[in-house]
Amino acid sequence: MSNNDIYEALVNLEEKKVKQLVSQSLEKGMAPEEIMEQLQKALIEIGDRFEREECYVPDLIYSGAIMKDAVELLGPKIKEKGAEAKGKVVVGTVYGDIHDIGKDLVVMLLQNAGFDVVDLGVDVKPEKFVEAIKESGAKVVGMSCLLTISFDAISKTVKAIEDAGIRDQVSIMIGGAPVTELVKDKTGCDYYGKDAIHGLRFVSEAYS
Amino acid sequence: MPENMEKVYQERLERYKTANRNEKPDRVPLRPFAAEFTSKYAGYTAQEVTHEYEKAFEAVRRCAKDFQWDATVVNMIYVWSGLVDHFGQKYYKVPGIELDPNVGFQYFEPADEQGAFMKEDEYDALIESPTEFLANVWMPRISKYVVGPQDSNTYRNNMAWLKGGLSLMAYGGAVGAANEKLKTECGTVSCVSGPIKAPFDILADKLRGFRQVSMDVYRQPDKVQKACEALMPYLYMNAKVAADPTKQVPVSVWLHRGTMFSKDMYERFFWPTLKEIIIKLWEEDDIQTIWYAEGNWDKWLQYTKELPEKSIIYHSDKGDIFEVHKQVGDKFAISGGVPNDLLAFGTPEEVKEVCKKLIQTVGKDGGYLMDAQAIIQSDAKAENMKAMTEATLEYGEY
Ligand code: B12
């Protein structure tokens, strides 16, 4: 077994092989941290391939599922330890909207890259965003919006963040199919990410 | 109907039909697909139009009159809370009940295996008999009241089928009357008849949920493919029986997940069964389909091109409509292209400029229908919708 086998298997989305290799490696005494590192690298590679359109949404979802099972095998220790998070990010789909596939990809890529994400789910009211930003102290908040009807909810969330006096503390990024630069400007946000990778880059910069 | 209204209607119908067949009418038809915009314009809350469909129809008539729409959907607020209540459908949330009165109804797709309306080991049952599976297994899962044949019958179950059936009939009748009123009061054509979905989208939207299907395409690809094949004839029949018997107006397909696929997956799971439905409707029944390409479908243009000439009206959302026109404009009529962000945040002048450009390029030789990119919701400003009409009247004549 070469050192990169687990990485390779996950990149190639070989579910059974990943499980097998992880179990075998553990038996042979490989450190769970080392296995975890390979798995994480693989997910980052899959994210890059997604950007290059060499892999697609179902692949991302499937790789996430394979990863989850593999981490289970590594046991509770690894989950507790984990690397020091690179920073906190609050993410949610805005009020009135329940589309979450895109939002979940953003969350996944951020987590894979080592950020600590507070995922508020869908149909999130402005107050909830504010609360989460305050509680977590996140420097970035990401809103997903798939419905033009919810442009208004973006504006209201930005306003709530201003009213709470924490606008200087956070950068606001938005994304989702109908969102554009124009929407970003008119709703008072800081950044429009055309895909999840761009969102990740923005967050990485904010924390660099 | 006043004589002049009849005349207006006939002119518009002709304009609509001609453009749909990719020919040159007297003018570019205005054919907006408008949802919550109409309710807001008419002064109704989301709650009112979801609970009382007559208000939804009336809101559409208001807009059709004021904005001189040639053709439009008789009601895009397609969830009526009466039906949701009678069948006890669990997957809808309704304004004024679970939601704020001003938030549009919501459909919740199953998010995990536990919530899935069809489980991972039930493909064989679906493939064996889709209708039995839907009635016996799926209905009891999506309904608060319906029970399966293995359970003992209940009063609630009986009432759900009875009331649900009656309300389906009531709504169907009301739509017929509303189509007629749209014609006699506004001279506007009710622009679509039956809806279709790609078999794969049914699997993703209503049965397994997209996350679960995303794993199924790897874990049990043959079954996914067979399930799409098994659903195909039913979806075809659904469209066919709901289609306009006089064949004047098309059916519509709402394209959901195909853009998220690789080429191999698209070729295997999405395209073959959808293609067959559209071709059958066209070749056997003379029914056109509005190809409502939600999102950006440009990467699949080479497949769409395989469809017979005039069999579809290509609606472009986030794709590059000028590229679509270049590639398939000689085969199919094209609709859409007005950006929704502009309708929400732009000025009337900007909207007019875009409409003008669309008319003069995509509409240059006919075969173009004016519409926004995506469904028009309450974010669109009335003055911008007016600008869309003005531009079409001003620049759209041939
Ligand atoms: C799948 C889908 C659904 C599914 C949602 C399932 C789910 N769990 O999410 C179902 C069937 C339930 C659904 C329901 C509805 N939908 Co819908 N849906 C879609 C569809 C086809 C795809 C969305 C999707 O999942 N894309 C895949 C993901 C991966 O892409 P994405 O979300 O764009 O995300 C990527 C980027 O945008 C970005 N991103 C996303 N969020 C964020 C956030 C940040 C911070 C960053 C940086 C980046 C980022 O990263 C992602 C990956 O790179 C779109 C059309 C389209 N193609 O966009 C319509 C669409 C969004 N729906 C639409 C409508 C109208 C509805 C309904 C209201 C329909 C109705 N009348 O019934 C309901 C709405 C319910 C509600 N209240 O929210 C319209 C909206 C029209 C408009 N004016 O805005 C669309 C645009 C279709 C259309 N052209 O008309 N829908």
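Name the residues in region B:88-105 that are within 11 Å of the ligand (Cβ to nearest atom) and within 19 Å of B:ASP379 (Cα to Cα), would you?
If the condition is that a residue be within 11 Å of the ligand (Cβ to nearest atom) and within 19 Å of B:ASP379 (Cα to Cα), then B:PRO95, B:LEU99, B:VAL103, B:GLY104, B:PHE105 are the ones that fit.
Hey, any hits in region B:345-367 for a residue that's surrounded by fewer than 24 Cβ atoms within 10 Å (Cβ to Cβ), under 30 Å from B:ASP244 (Cα atoms) and touching a Lys or Arg at 6+ places or on another chain (Cβ under 7 Å)? Show your work before the answer.
To start, the set of residues in region B:345-367 that are surrounded by fewer than 24 Cβ atoms within 10 Å (Cβ to Cβ) comprises B:345-350, B:352-354, B:356-357, B:359-361, B:364-366.
Add one more test, that the residue is under 30 Å from B:ASP244 (Cα atoms), and what stays is B:359, B:364-366.
Cutting the leftovers down to touching a Lys or Arg at 6+ places or on another chain (Cβ under 7 Å) gives us B:365-366.
Yes, that holds for at least one residue.
Would you point out the residue of region A:134-152, among those that are near the ligand (Cβ under 8 Å from one of its atoms) and open to solvent by 20 Å² or more (accessible area, probe 1.4 Å), that is nearest to A:VAL107 (Cα to Cα)?
By that ranking, first place goes to A:LEU146.
Within region B:125-148, is even one residue of a type in the set (A, V, I, L, M, F, W, C), over 25 Å from B:MET232 (Cβ atoms) and buried (at least 18 other Cβ atoms within 10 Å of the Cβ)?
Residues of region B:125-148 of a type in the set (A, V, I, L, M, F, W, C): B:125-127, B:133-135, B:137-139, B:142, B:146-147.
In the following step, the residues that additionally are over 25 Å from B:MET232 (Cβ atoms) were identified as B:146-147.
Checking the rest, the ones that are also buried (at least 18 other Cβ atoms within 10 Å of the Cβ) come to B:146.
Scanning region B:125-148 turns up at least one residue that is of a type in the set (A, V, I, L, M, F, W, C), over 25 Å from B:MET232 (Cβ atoms) and buried (at least 18 other Cβ atoms within 10 Å of the Cβ).
Against the condition open to solvent by 20 Å² or more (accessible area, probe 1.4 Å), within 14 Å of chain B (Cβ to nearest Cβ) and over 24 Å from A:ARG201 (Cβ atoms), how does A:GLU53 come out, does it pass? Break it down stepwise before answering.
On the way: open to solvent by 20 Å² or more (accessible area, probe 1.4 Å): yes; within 14 Å of chain B (Cβ to nearest Cβ): yes; over 24 Å from A:ARG201 (Cβ atoms): no.
Judged against the criteria, A:GLU53 is not a match.
Would you check if there is a residue in region B:246-261 being at pLDDT below 95, outside any loop (DSSP other than H, G, I, E, B), within 14 Å of chain A (Cβ to nearest Cβ) and in contact with a Lys or Arg (Cβ under 9 Å, 6 or more places away or on another chain)?
yes
Would you check which residues across region A:153-177 are open to solvent by 20 Å² or more (accessible area, probe 1.4 Å), within 14 Å of chain B (Cβ to nearest Cβ) and either near the ligand (Cβ under 9 Å from one of its atoms) or free of Cβ contacts under 8 Å to residues at least 12 places away in the same chain (or both) and list them? If you could, list the steps in order and put the result at the bottom.
Taking region A:153-177 first, the residues open to solvent by 20 Å² or more (accessible area, probe 1.4 Å) are A:155-156, A:159-160, A:162-165, A:167-169, A:171, A:176-177.
Keeping just the survivors that are within 14 Å of chain B (Cβ to nearest Cβ) gives A:155-156, A:176-177.
Hits for region A:153-177 are A:GLY176, A:ALA177.
Any residue in region B:296-307 that is open to solvent by less than 20 Å² (accessible area, probe 1.4 Å) and in a loop (DSSP other than H, G, I, E, B)?
Taking region B:296-307 as the starting set, the residues that turn out to be open to solvent by less than 20 Å² (accessible area, probe 1.4 Å) are B:297, B:300-301, B:303-304, B:307.
After this cut, where a residue has to be in a loop (DSSP other than H, G, I, E, B) as well, the list is B:297, B:307.
Within region B:296-307, one or more residues are open to solvent by less than 20 Å² (accessible area, probe 1.4 Å) and in a loop (DSSP other than H, G, I, E, B).
Out of all the residues in region B:44-61, is one or more hydrophobic (A, V, I, L, M, F, W, C), within 14 Å of chain A (Cβ to nearest Cβ) and either surrounded by 17 or more Cβ atoms within 10 Å (Cβ to Cβ) or closer than 30 Å to B:LYS331 by Cβ (or both)?
yes
Which members of region B:338-360 meet the condition of being closer than 26 Å to B:THR259 by Cα and away from chain A (no Cβ under 14 Å)?
Answer for region B:338-360, where residues must be closer than 26 Å to B:THR259 by Cα and away from chain A (no Cβ under 14 Å): just B:LEU358.
Could you please find all residues in region B:314-333 being touching a strand residue (DSSP E or B) at 6+ places or on another chain (Cβ under 7 Å) and within 15 Å of the ligand (Cβ to nearest atom)? Please lay out each step first, then the result.
Residues of region B:314-333 that are touching a strand residue (DSSP E or B) at 6+ places or on another chain (Cβ under 7 Å), as a first pass: B:314-317, B:319, B:321, B:324-325, B:328, B:332-333.
Across region B:314-333, the qualifying residues are B:TYR314, B:HIS315, B:SER316, B:ASP317, B:GLY319, B:ILE321, B:VAL324.
Do any helices (runs of 4 or more DSSP H) lying entirely in region A:97-171 carry at least 1 residues that are farther than 26 Å from B:ASP317 by Cα and modelled with pLDDT under 95, and which ones are they?
A:101-112
What's the number of the only condition in (1) assigned to a helix (DSSP H, G or I); (2) touching a residue at least 24 places away in the same chain (Cβ under 8 Å) that B:ALA177 fails to meet?
The failed condition is (2).
Please work out which one of (1) more than 17 Å from the chain's Cα centre (by Cα); (2) within 16 Å of the ligand (Cβ to nearest atom); (3) surrounded by fewer than 24 Cβ atoms within 10 Å (Cβ to Cβ) is the condition B:PHE33 fails and give its number.
So B:PHE33 meets the others, but not (1).
The values are calculated or read from the model by the stated rules, or taken from the named source; none is laboratory data. Predicted model, so just to flag it, every value in this text is computed and none were measured. Neighbour counts are summed over all protein chains in view; Cβ atoms, including those assigned to glycine, are modelled from backbone coordinates with ideal geometry. Each accessible area value is taken on the protein alone, full model and side chains, heavy atoms only, with ligands, DNA and RNA left out. Shrake-Rupley method; radii C 1.70, N 1.55, O 1.52, S 1.80 Å.
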